[in-house]
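Asker: Here it is, the structure in full.
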Amino acid sequence: MTTTRTRADSAEPDRSSRTTYDLIVCRDDRVVFHDHYATPEQRLSAGVGVLAASDTLAGTITSERAAHIHELHRAHVAQWPADPDVVVNAIATLCRAWGVQLYVSTTEKRSAAPRVLYSVVTEYGRGQVVAEHFPDRVARTASLVERAEQFFGATGAIPSSVLCDEQRLAALVATFLMPATVTLTESALDERDGAYRPASGSLPIC
């Protein structure tokens, strides 16, 4: 992959039953790559390719830094099939010092359209918006926890009072992504035309 791919928005979940694994790469808090994969292993492989074997981050990832990424990737070979996200987190920690951020998320797409859609809209800058949709609030909260934990070196660092409050979680994510903004929205399925309509006002996280 050698092209910069920024997803301006995200389609509502289709009616097929599948799970997608997202990879978002930012440079200096600007999205330079966003794509979906069928498995976590594919996401890991694609992430290494984007970082070390494409021109997406040319000028930031030098040949020496690319070699470090490949070396770290190979050092975790035993975890590639068993726990690829651990390898992604290790690579993300390495790249953070170079102004490159990696974010991963998992999206469940159900066979039947949910009655209410719970969304997280992250605006990284003008025209750079990533929308993630979930079938229930529990799934949205789990995704926010997953995103927030990527900013800490160890699990258990986030207070329990924050873990159970999605607005606080979104605020925590927004703090680390500044000047990006995070908005929580809800929309209800209009069965007359199969489209989702706003169910309530957006909940911007400052």
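Asker: Under a 5 Å amide H to amide H cut-off, with H placed in plane at 1.01 Å, what residues pair with Asp35 once short-range neighbours are removed?
Answerer: The list, which skips near neighbours in sequence, is Leu23.
Asker: Quote the accessible area belonging to Thr19 in square angstrom, nearest 10, computed with a 1.4 Å probe and with ligands, DNA and RNA left uncounted.
Answerer: Answer for Thr19: close to 40 Å² accessible.
Asker: Among the trypsin sites (Lys or Arg not before Pro) within segment 138-193, which fall in a DSSP loop and have no more than 15 other Cβ atoms within 10 Å of their own Cβ?
Answerer: Arg192
Asker: In what sequence, largest accessible area first, do Thr60, Thr122 appear using a 1.4 Å probe?
Answerer: Thr60, Thr122
The values are calculated or read from the model by the stated rules, or taken from the named source; none is laboratory data. Please read all numbers here as calculations on a predicted model, not as lab measurements. We place every Cβ from the backbone using ideal geometry, glycine too, and count neighbours over all the protein chains shown. Ligands, DNA and RNA are excluded from the accessible area calculation, which covers all protein heavy atoms including side chains. Shrake-Rupley method; radii C 1.70, N 1.55, O 1.52, S 1.80 Å.
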